[in-house]
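Working notes for the structure below.
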Amino acid sequence: MGSDHLPITTSIPVAPPKPQRRGRGRLSLRKADWQEYRRTFDGIIGRWDDHGDLTASELDKRLTAAITRAARRTIPYGNGGRTREPFWSEACDEAIAIRNEARAKVAAPNHTAEDVRDYQQARKNADTVLREEKTSFLRKRIAELGPNTDLWSLIRTLDGRKPPAKPAEPLNRAGPPGRPARPAVTDREKANALCQAYAAVSRIPHNKQEDRDIKLEARAASGGKVKPYLTLRGEELPYSRNPTFLGIKYDPQLTFADHIDDLKAKMSRRRRCLQALAGKTWGSHRRTIRAAYIGYIRALFDYGAAVFGTYAAPSVRGRLEAEQNKCARVITGCLRATRKDALLAEAGLPTLSLRALQLAGTEYQRVIRLPPNDPGRSLFRKEVQPRLQHRAYKAWQRTRNDATAAGRPPPKPPDETAALPHRPCLRRVGKWLAEEAGIEELPVEPMAFYSCDPPWLGHRGGTTFRVDLPVATRRSDPPAVRREAALRAIAELPQPDVTIWSDGSARGGMEQGGAGALIQFHHLNKEETVRAPAGAVCSSLRAELTAMREALAAVAGLEDGELASIKSVRLLTDSRSGLQLLGRGPASQTMALAAEVWRLLNTLAENGTETVLQ
């Protein structure tokens, strides 16, 4: 059957194309400093000796070496990259330079909407210039066409096409003696073939004994990682790809994916108990099921969440979010089609990502309360140059830029930590939360690590706390009734040698705290007043404890003779919370200020002084 169409031949390469080499780079004559080249060339020639006895060939080599040496010093050398298009001109260089400058401004984090519009206009102008130059070049070449001109070559040049790559030849590996070579298929076979080819031409002597260690190490490698060989006192330590330290499973890439998978499996198993509590006919109340979830299931996540919950990728954390959503459906009875935000709001639960931020902020504040020489505090306070970029932050910035360019309001961050430009971690997230809350620059309450006495000694006695009044009162009672109840409680106490009236307050309960106390020495017939600042930012409890500390320090600081004459001290305060905190005993104090108060109470007890705090 005849046809008026020419045959069309299609070639499909069956192997990946070879990367094309452009050879060595060339001298960029457009960027050459010709004046410097002239000075360098004249300097090289000026140092020549008399060359009257040299032949023409030697003079040619000498002159060529001088030209080449001067060119290398003054003319930039290309890297053999992409060559210039045939239609390229100075107008194209200028348009591309303007476009690249505008694009650099848009890529900056602090760019404006005006920068975006300038970049769009510069890109449009550059496209117009390239199109016009290409059209002008084509018209000029078409006018010069002849019968022997390769028109397809011109079209491929303008279109940017390249000739098809030659099919790659298979890499053969040497077979056993007497057998032909076979193609290398796997990566190991290809690597061995290259090593054999290199060993055949290298000058390194072959030594099986010395190469044996390298072969053993290569065989021990798994997944690109070499198994370490560690010993302790002559015994080999077992190697584990996913070691577990303090209940957290680690992986080589530190993604916490394996730990989160195990955690999800544990939460799923415990969810069955929650489903049993939420039966249709015998099910417990929603508050009971929610409390069971928080104490029995979410407690698994809370352990270590300040570390892995802030560092793991959002896609990895989403596995645990899905498990919590299932538990929230059990608590509320909502359908599967319920929106996640509405589901968690109905269950009264925050997202696990937000819970991890809460735990990270708490842990950060706990660590920075450690003593200044503690390694943990030094690690958290250390300034480290960030290295890893935060992908969620970059994606959010691109979305904001697109919305700004389109005139739409900027979207909200997809995640709480998306505002951090670098990869979030416990230290970075904790510091960021403190800065956002405005407490990073505020003084930190020191932490008490040990009680005044060892726990095995117990309570020494000599200190009594009386929190309740003989007659119960309320805040709604008239002042006269409460005053009468307080005076009655004071009257029932025996007359002491020293009476302390302490009080502390803070403006708004948060700032400008002050403390003061009136000390009455009945047996010495004198009075003393003490005052002390409690801090620019403090609580009312801290102000009250400061007043107690200053008053007790004044009594304990008396001379030996005066202190020995004091047998009973009564401290009166209006801080019920302060007495309840101190009443837990010295071993239960976590505030350094409360521990200092207990130290003073024990000092008086060692002197034989009975102290009553009411």
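The values are calculated or read from the model by the stated rules, or taken from the named source; none is laboratory data. Because the structure is predicted, anything quoted here is derived from the model rather than measured. Positions of Cβ are generated from backbone atoms using ideal geometry, with glycine treated the same way; all protein chains shown enter the neighbour counts.
Identify all residues within the range 367-390 that are touching a helix residue (DSSP H, G or I) at 6+ places or on another chain (Cβ under 9 Å) and either surrounded by 13 or more Cβ atoms within 10 Å (Cβ to Cβ) or not in a loop (DSSP other than H, G, I, E, B) (or both); write none if there are none. Walk me through it before giving the result.
Here is the first cut: in the range 367-390, the residues touching a helix residue (DSSP H, G or I) at 6+ places or on another chain (Cβ under 9 Å) are 367-372, 374, 376-377, 379-382, 384, 386, 390.
The answer is VAL367, ILE368, ARG369, LEU370, ASP374, GLY376, ARG377, LEU379, PHE380, ARG381, HIS390.
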What pairs come up if the first residue lies in the range 229-258 and is at pLDDT 85 or above, the second is among the aromatic types (Phe, Trp, Tyr), and their beta carbons are under 6 Å apart, counting only those six or more places apart or on different chains?
PRO243/TYR250; PHE256/PHE308
Does LEU335 meet the test of being closer than 30 Å to PRO413 by Cβ and free of Cβ contacts under 8 Å to residues at least 40 places away in the same chain?
yes
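Condition check ((1) surrounded by 20 or more Cβ atoms within 10 Å (Cβ to Cβ); (2) assigned by the TED database to the domain that holds ARG482; (3) more than 45 Å from the chain's Cα centre (by Cα)) across all residues:
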position: GLN520; (1), (2), (3): no, yes, yes
position: GLU527; (1), (2), (3): no, yes, yes
position: SER539; (1), (2), (3): no, yes, no
position: ARG542; (1), (2), (3): yes, yes, no
position: VAL555; (1), (2), (3): yes, yes, yes
position: GLU559; (1), (2), (3): no, yes, yes
position: LYS567; (1), (2), (3): no, yes, yes
position: LEU572; (1), (2), (3): no, yes, yes
Is at least one residue of the range 25-39 on the phi < 0 side of the Ramachandran plot, in contact with a helix residue (DSSP H, G or I) (Cβ under 7 Å, 6 or more places away or on another chain), part of a helix (DSSP H, G or I) and at pLDDT 85 or above?
yes
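Return yes or no: is ARG355 over 19 Å from ALA305 (Cα atoms) and either at pLDDT 85 or above or in a loop (DSSP other than H, G, I, E, B) (or both)? Don't jump to the end; show me each part of the working.
Values: over 19 Å from ALA305 (Cα atoms): no; either at pLDDT 85 or above or in a loop (DSSP other than H, G, I, E, B) (or both): yes.
The answer is no for ARG355.
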Does at least one position in the range 109-121 carry a residue that is without any contact (Cβ under 8 Å) to a residue 60 or more places away in the chain and not in a helix (DSSP H, G or I)?
yes
The range 295-322, residues that are of a type in the set (A, V, I, L, M), crowded, with 16+ Cβ neighbours inside 10 Å and assigned to a helix (DSSP H, G or I)
ILE297, LEU300, ALA305, ALA306, VAL307, VAL316, LEU320
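Could you tell me whether GLU544 is within 26 Å of ILE368 (Cα to Cα) and acidic (Asp, Glu)? Steps first, answer last, please.
Working: within 26 Å of ILE368 (Cα to Cα): yes; acidic (Asp, Glu): yes.
So GLU544 passes the test.
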